[in-house]
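Here, each number is a calculation from the coordinates, and none is a lab measurement. Being a predicted model, the structure only gives us computed values, none of them experimental. As a convention, Cβ positions derive from the backbone with ideal geometry for all residues, glycine included, and neighbour counts pool all protein chains shown.
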Amino acid sequence: MALKYAGIELEHREIDLRNKPQSMLLASPKGTVPVLCVDGIVLEQSLEIMQWALGKSDPDGWGLVDHSIAQTWIEKNDGPFKILLDQYKYPNRYLDLQSEKVLSAVNDLMLIPMETSLQDSQYLLGSKMTWVDVAIFPFIRQFAMVQPETFNTLPFPLTKKWLDKQIESALFLSVMDKYPTWSD
């Protein structure tokens with residue numbers, strides 16, 4: 001989304017992670033996605049790619065945020081929330097965990113703070129979209145998709161509205177094309 005927003009033209013290569021093309025592994029030996037190869041550099045993390053794109057073009061000021069608050073959101077999302085999300089998405093891998101306890105932990109860690117933050121505006125850091133909304137949105141979307149019926153019953157109307165706004169946005173819809181799997 002950040003690349004599209006910044007107007008960065010690119011060649012998209014859809015990768016089958018069970019059958020990684022040699023060209024990908026030559027560019028990025030760690031063999032994970034995303035990978036952006038540009039200007040003689042290789043970026044292998046979503047946040048690095050977002051920051052690079054916003055450094056090239058940031059027409060609406062997505063990067064103009066309180067970096068301390070932004071970092072707090074990202075640390076929660078990329079650390080404990082991702083762990084809880086995996087536990088929630090793959091309960092067969094975590095047989096000793098109870099999904100109700102994981103759901104409660106997600107509520108406390110992310111959903112209650114999001115709902116509180118969204119009391120004052122329609123975005124996490126204020127009155128306009130920022131890179132933090134874009135960075136966190138895919139993970140909240142994944143969480144909501146695990147058990148949609150359960151998510152719909154949760155008492156977080158502002159968070160649900162924020163999520164729906166992201167899902168229905170022209171920007172998101174413009175990057176959700178299906179691509180054929182790349183092979184060398």
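Some observations on this one:
- A DSSP coil position with no more than 12 other Cβ atoms inside 10 Å describes the following trypsin sites (Lys or Arg not before Pro) in the range 1-102: Arg18, Lys30.
- Extended-chain gain in nm, criterion 0.36 nm per residue less alpha-carbon gap, Leu26 and Ile69: 11.8 nm
- One way to sum up the overall shape of the chain is the equivalent ellipsoid from its Cα gyration tensor, whose semi-axes run 28, 23, 15 Å, largest first.
- Extending 7 Å from Cα along the Cβ direction at Asp39 and again at Arg13 yields two label points whose distance is 2.0 nm.
- Separation in nanometres of the label points that stand 7 Å from Cα toward Cβ, at Ile83 and Lys161: 3.4 nm
- Each part gets one Cα centre, and for the range 56-120 versus the range 127-143 those centres are 9 Å apart.
- Applying the criteria of a DSSP loop state and at most 16 other Cβ atoms within 10 Å to the chymotrypsin sites (Phe, Trp or Tyr not before Pro) of the range 113-184 yields Trp182.
- Calculated mean residue ellipticity, 222 nm, the chain: -13500 deg cm²/dmol, from DSSP H runs (n ≥ 4) at -39500 (n - 2.57) each, averaged per residue and rounded to 500.
- Rounded tilt (10° steps) of 67-76 against the dominant C-alpha axis of the chain: 80 degrees
- For the range 88-95, Karplus couplings with θ = phi - 60° (6.51, -1.76, 1.60), whole Hz, Gly/Pro x: 6, 6, 10, x, 5, 8, 10, 5
- Inter-site label distance for Lys128 and Ser57 at 7 Å from Cα along Cβ, in nm: 1.7 nm
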